[in-house]
Amino acid sequence: MLRAVVVVAGVLALAGCSGAEADQVRRPAGEHVTIRVPADAPTISAAVSVAQQGDLVLVAPGTYHESVRITTAHVTLRGESRDKVVIDGELRQPNGIVVTAPGVAVENLTVRGNTQNGVLVTGSVKAADAQPGQGGYDTGDEPVRFLDSFLVSHVTSTRNGLYGIYAFSARNGVIRDSYTSGGADSGIYVGQCKPCQVVVQDNVAEYNAVGIEGTNASGEMYFVRNRIVGNRVGLTTGSDHQEKLLPQQGAVVAGNLIAANQQPATPEQADGGWGIGVGIDGGSNNQLVHNRITGNINAGVILTATQDIPANANQITGNILAGNTVDVGWTFPTATKGHDNCLTAPTAHTIPAGLTTTAPCPHPGRTSPSGTWTAPTPPSGIPFSEVAPPPTQPQLPNPTTTGSTTVPSTPPLPDLTRITAPASTLLADRTLTQVS
C-alpha cells in the first residue's frame, strides 16, 4: 500500500511529505478562509491538515496521487473543475478520500483507482482504518459510533475496488448529483445507520456490480430520482449479518429510473447477481413507489428473505413495470418467509402468478407466497480497473467564487407527494448507457 500522506487535524508534520513541503503550507489569516491547492499548500492533504471549521480547501486542476483524510469538522473540500481535479489512487491505496468528522462537504472532483473506496464517510474507526482486503465492517461488541451530517455532491467516483461512494455508520447526510461507475461491489453504498436520515438523490450509477446499495440502513432512508442503468444489479436494500443494526427497515425507493441492469462490461459480483432491477433481501417496511423499472433480463423486482431475516410489509405500488422477464418475483427458498407484503401493478407479470389480486396494497395480512423461475446465466465480468471511463459531468455551480458549504445537521427530506415515475431520459446527458 502506498499512501502519499497521512493527515492528523491541526498537525503540520505530514507523513510522506518532506520538511520543505511542510514549510510550504500556508493558511490565510482569519476565519472561514479559502486554502488553495497548490498555491497555499502543495497537496490536498497538506491543505486539509491546517483547515479549521468553516474553511474551504479549493483545489486547482491536476492529478493528485494521494489519500486524503478529513478529521476536522465543517470543512469543505472542493475542486475548481469536476473533471480536471482528479485524486488517483493508481491501484495502490485503499481510499481516495476518508471523512471522519461531521459537517464535511466533498464537492466537484473526481476520485478513481483505489483498491477499496473512492469516498468513504464513516464514524467507524475500523472502517476508516481498514487495510486492503478487509471490508471494515463492525461486527464486534462495541457500540455503533455514528458520524453526524455530511454532503457528497457533484463527485465522480470511478474504477474503485469496493465502493465508489461509501457512507457507513453515518447519518443525517446527502449524496447527490454524483456519478459512479466501476464499483466492484457497488457504486453508492449506505450501510449501518438507524435512523439514517440519509438522502441519495439525482445520481447516476452505471457499469457497477450493483448500482446503489442500502444494507442495514433504516429509518428515513431515501433513494430518489437516481438513474440506475447498465449495472449487473440495479438497486438493493436489505439486511446483512456482516453489519450491525439488523434488521433493515423503512427505506423509500421513489422516482428512480432502474433499467437494463445486465451490462456485461462490469465487475463481477461474488454472489453472481445479474439482470435484476431491484432486490429487497430481508428488508421490511420499505416503500418502492413511482419508479420506472424496465428491461431487466432476470426480474424487475425480487423480494426474498436472507438467512433468518424475513421480508415483511414491503409496499410496491405506483411503478411503471415493463419489458422485464419477470416484473415482480417473490421467492423464499428457505423456511424463513415474509408476510404482509403487497403489490399494486395491474398488468405486471408476477411469480407466483396473480400477486396483484392475491396480495394487493394495502397490506393483505397474510404470509407471502413463494415462487421460482429460471434465472439467466451471468456472463463473466471485467476487472474494475477496465471499466469504461465516465463521460463529462455537470459542474457544481460557481465552484471558485462561492465560499465553504454549510452542511445542515439534518438534511431536508424529499416530499413524496411531488415525486412521479420518471421518463426514460432521466439524467440521460450524464451517462454512457441509453434506454430505448
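Looking only at the range 260-288, how many residues end up being modelled with pLDDT of 95 or more, under 18 Å from residue 330 (Cβ atoms) and crowded, with 21+ Cβ neighbours inside 10 Å?
11
Condition check ((1) part of a strand (DSSP E or B); (2) modelled with pLDDT of 95 or more; (3) buried (at least 24 other Cβ atoms within 10 Å of the Cβ); (4) over 13 Å from the mean Cα position of the chain (by Cα)) across all residues:
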| residue | (1), (2), (3), (4) |
| --- | --- |
| 121 | yes, yes, yes, no |
| 135 | no, no, no, yes |
| 142 | no, no, no, yes |
| 156 | yes, yes, yes, no |
| 161 | no, yes, no, yes |
| 180 | yes, yes, yes, no |
| 184 | no, yes, yes, no |
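Quick test of your reading of the structure: residue 384 fulfils all but one of (1) under 21 Å from the mean Cα position of the chain (by Cα); (2) of a type outside the set (A, V, I, L, M); (3) surrounded by fewer than 18 Cβ atoms within 10 Å (Cβ to Cβ). Name the failing condition by number.
With (1) under 21 Å from the mean Cα position of the chain (by Cα); (2) of a type outside the set (A, V, I, L, M); (3) surrounded by fewer than 18 Cβ atoms within 10 Å (Cβ to Cβ) applied to residue 384, the lone miss is (3).
Please specify each residue of the range 31-47 satisfying the condition of being more than 16 Å from residue 62 (Cβ to Cβ) and touching a residue at least 24 places away in the same chain (Cβ under 8 Å).
Residues satisfying the conditions are 32, 34.
I need the full set of residues from the range 237-259 which are in contact with a Gly (Cβ under 6 Å, 6 or more places away or on another chain) and buried (at least 24 other Cβ atoms within 10 Å of the Cβ), in order please.
237, 238, 239, 248, 251, 258, 259
Just checking, which of 242, 263 is assigned to a loop (DSSP other than H, G, I, E, B) and either closer than 23 Å to residue 325 by Cβ or of a type in the set (Asp, Glu) (or both)?
Result of the check over 242, 263: 263.
In the range 88-110, which residues are over 25 Å from residue 198 (Cα atoms) and either β-branched (Val, Ile, Thr) or touching a strand residue (DSSP E or B) at 6+ places or on another chain (Cβ under 8 Å) (or both)?
88, 89
From (1) in a strand (DSSP E or B); (2) surrounded by fewer than 20 Cβ atoms within 10 Å (Cβ to Cβ), pick out the condition that doesn't hold for residue 329.
Of the numbered conditions (1) in a strand (DSSP E or B); (2) surrounded by fewer than 20 Cβ atoms within 10 Å (Cβ to Cβ), the odd one out for residue 329 is (2).
What are the residues in the range 213-235 that are of a type in the set (Ser, Thr, Tyr) and within 25 Å of residue 381 (Cβ to Cβ), if any?
Correct list: 215 only.
Yes or no, residue by residue, for (1) at pLDDT 95 or above; (2) not β-branched (Val, Ile, Thr):
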residue: 329; (1), (2): yes, yes
residue: 333; (1), (2): no, yes
residue: 352; (1), (2): yes, yes
residue: 357; (1), (2): no, no
residue: 370; (1), (2): yes, yes
residue: 373; (1), (2): yes, yes
residue: 385; (1), (2): yes, yes
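Being of a type in the set (Gly, Ala, Ser), closer than 26 Å to residue 308 by Cβ and part of a strand (DSSP E or B) narrows it down to one of 279, 273, so name that one.
Answer to the selection: 279.
Condition first: in contact with a helix residue (DSSP H, G or I) (Cβ under 7 Å, 6 or more places away or on another chain) and either small (Gly, Ala, Ser) or surrounded by 15 or more Cβ atoms within 10 Å (Cβ to Cβ) (or both). Can you find one or more residues in the range 392-403 that meet it?
Yes, the range 392-403 contains a residue that is in contact with a helix residue (DSSP H, G or I) (Cβ under 7 Å, 6 or more places away or on another chain) and either small (Gly, Ala, Ser) or surrounded by 15 or more Cβ atoms within 10 Å (Cβ to Cβ) (or both).
Which residues, counting only those in the range 391-411, are within 27 Å of residue 432 (Cβ to Cβ) and not hydroxyl-bearing (Ser, Thr, Tyr)?
391, 393, 394, 395, 396, 397, 399
Taking the conditions exactly as written (touching a strand residue (DSSP E or B) at 6+ places or on another chain (Cβ under 7 Å) and more than 24 Å from residue 196 (Cβ to Cβ)), does residue 42 satisfy them or not?
So residue 42 fails the test.
I need the full set of residues from the range 302-319 which are in a loop (DSSP other than H, G, I, E, B) and either free of Cβ contacts under 8 Å to residues at least 40 places away in the same chain or surrounded by fewer than 23 Cβ atoms within 10 Å (Cβ to Cβ) (or both), in order please.
305, 307, 308, 310, 312, 313, 314, 318
Among the listed residues 188, 228, 212, identify the single one that is among the aliphatic types (A, V, I, L, M), assigned to a strand (DSSP E or B) and either free of Cβ contacts under 8 Å to residues at least 12 places away in the same chain or more than 23 Å from residue 124 (Cα to Cα) (or both).
228
Residue check, residue 130 against (1) modelled with pLDDT under 95; (2) touching a Lys or Arg at 6+ places or on another chain (Cβ under 9 Å); (3) of a type in the set (A, V, I, L, M), all met but one. Which one?
Unmet condition: (2).
The values are calculated or read from the model by the stated rules, or taken from the named source; none is laboratory data. These numbers come from a predicted model, not from an experiment. Cβ coordinates were reconstructed from backbone atoms using ideal geometry, including for glycine residues, and neighbour counts include every protein chain displayed.
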